[in-house]
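The block underneath contains the structure these notes are about, expressed in structure tokens.
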């Protein structure tokens, strides 16, 4: 039995308050126990593998290694279950995919809790980018946001302990915690000469995922921070309240939006994309593909739109931004997006463990790959630490500038 986590676009990028990681015993040694599963050569691609991976698997090797550990490891005895679950984690880790993870029964229980929205933490998403633990985005009004964490910050230390060798799950385990407790993150930030210590008080996380405001000149500013269960309802409320207000232009802010439910992303894209037109293509193994069409009324189709994106825009937000860009329905402004374009399924195992496994990748309607490549904006505009500290937003300013020019051009015509 499996549960499709395409509902999560994996925030998959791994939210500190949602995701619980590998756990004890999932170390580099366990990665080598079963990480070299090669089996028989079955296609041309595998012919390029190193010779040691072309051999048939001798499963007795696992027992041999386990016995050597029990007989010789300095801190023996080691529970056999720890070695076994560590080996399974290493097997999945050998895929080299940060979004495919094995959870032992305890971690599965924690993960399921977090899927049910029992949320406590600092309110930030982290991922592994260029081999660094990286802040993907702090959530609006979260402790992380209030403390000054920025998208792109690299985590150097957690409570004074170096984090460079930690797995994503191990880092999450150290950072998350009960509301009211403190954690200090030492981060490396572009433009800063030395690491910064940022103290954060954990809390319960509550926020609205959709915010909007009608700005001067009848330009509608809409910010979507996540594609969660309540997002579609809030977005529809926003549409109903504003559709008859003679909207001249829309600024659609997807910066630091880490993703969420795929069906919600498709529904929101359908406010611009006509019913039946593809929103994305889902590509599985053996090149099987599923096309996901819009099922919306395209209420905003024809209204000049600028979409704001940055390196914190990931997964479902990249789907929406990429689709609107493909159809020429919006101008993208900001920075290149994160590049999370894959789908995970959660498989429940017989001993209450679980396996979260990447089963597909997403493409834009024109067939552009999102995963690892991201979506490049039409107009690149950065946002510096100095801008942030002084409440300047050149990306947003550029979006309004573009729309105002288009509005005046229409009037002249």
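The values are calculated or read from the model by the stated rules, or taken from the named source; none is laboratory data. Keep in mind that what you see is a predicted model, and the values were worked out from it rather than measured. Here Cβ is always computed from backbone atoms with ideal geometry, including for glycine, and neighbour counts include all displayed protein chains.
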- Note on the structure: A careful count of residues in segment 256-287 that are touching a helix residue (DSSP H, G or I) at 6+ places or on another chain (Cβ under 7 Å) and more than 14 Å from residue 297 (Cα to Cα) gives 8
- Message: Whether any residue in segment 228-249 is surrounded by 24 or more Cβ atoms within 10 Å (Cβ to Cβ) and under 30 Å from residue 397 (Cβ atoms) is what I want to check.
- Response: no
- Query: Does residue 159 meet the test of being modelled with pLDDT under 90 and surrounded by fewer than 19 Cβ atoms within 10 Å (Cβ to Cβ)?
  - Reply: no
- Task: Taking residue 157 as the residue in question, decide whether it is within 25 Å of residue 186 (Cβ to Cβ), assigned by TED's automatic domain parsing to the domain that holds residue 176 and assigned to a helix (DSSP H, G or I).
- Result: no
- Mind checking whether some residue in segment 381-390 is surrounded by 14 or more Cβ atoms within 10 Å (Cβ to Cβ), modelled with pLDDT of 95 or more and assigned by TED's automatic domain parsing to the domain that holds residue 259? yes
- Query: What's the number of the condition residue 174 fails, among (1) within 20 Å of the chain's Cα centre (by Cα); (2) in the same structural domain as residue 303 (by TED's automatic domain parsing); (3) without any contact (Cβ under 8 Å) to a residue 60 or more places away in the chain; (4) under 28 Å from residue 148 (Cα atoms)?
  - Reply: (2)
- Message: Condition (residue is under 17 Å from the mean Cα position of the chain (by Cα), part of a helix (DSSP H, G or I), surrounded by fewer than 24 Cβ atoms within 10 Å (Cβ to Cβ) and outside the structural domain of residue 354 (by TED's automatic domain parsing)) applied to segment 128-137: is it met by at least one residue?
- Response: no
- Note on the structure: Going through segment 252-265 in order, the residues found to be surrounded by 24 or more Cβ atoms within 10 Å (Cβ to Cβ) and closer than 20 Å to residue 295 by Cβ are 252, 259, 260, 262, 264, 265
- When restricted to 205, 198, the only residue under 17 Å from residue 145 (Cα atoms) and buried (at least 21 other Cβ atoms within 10 Å of the Cβ) is 205
- Task: Kindly establish whether residue 114 is under 30 Å from residue 315 (Cα atoms) and either surrounded by fewer than 20 Cβ atoms within 10 Å (Cβ to Cβ) or at pLDDT below 85 (or both).
- Result: yes
- Note on the structure: The correct count of residues that are touching a strand residue (DSSP E or B) at 6+ places or on another chain (Cβ under 7 Å) and under 12 Å from residue 322 (Cα atoms) in segment 355-370 is 7
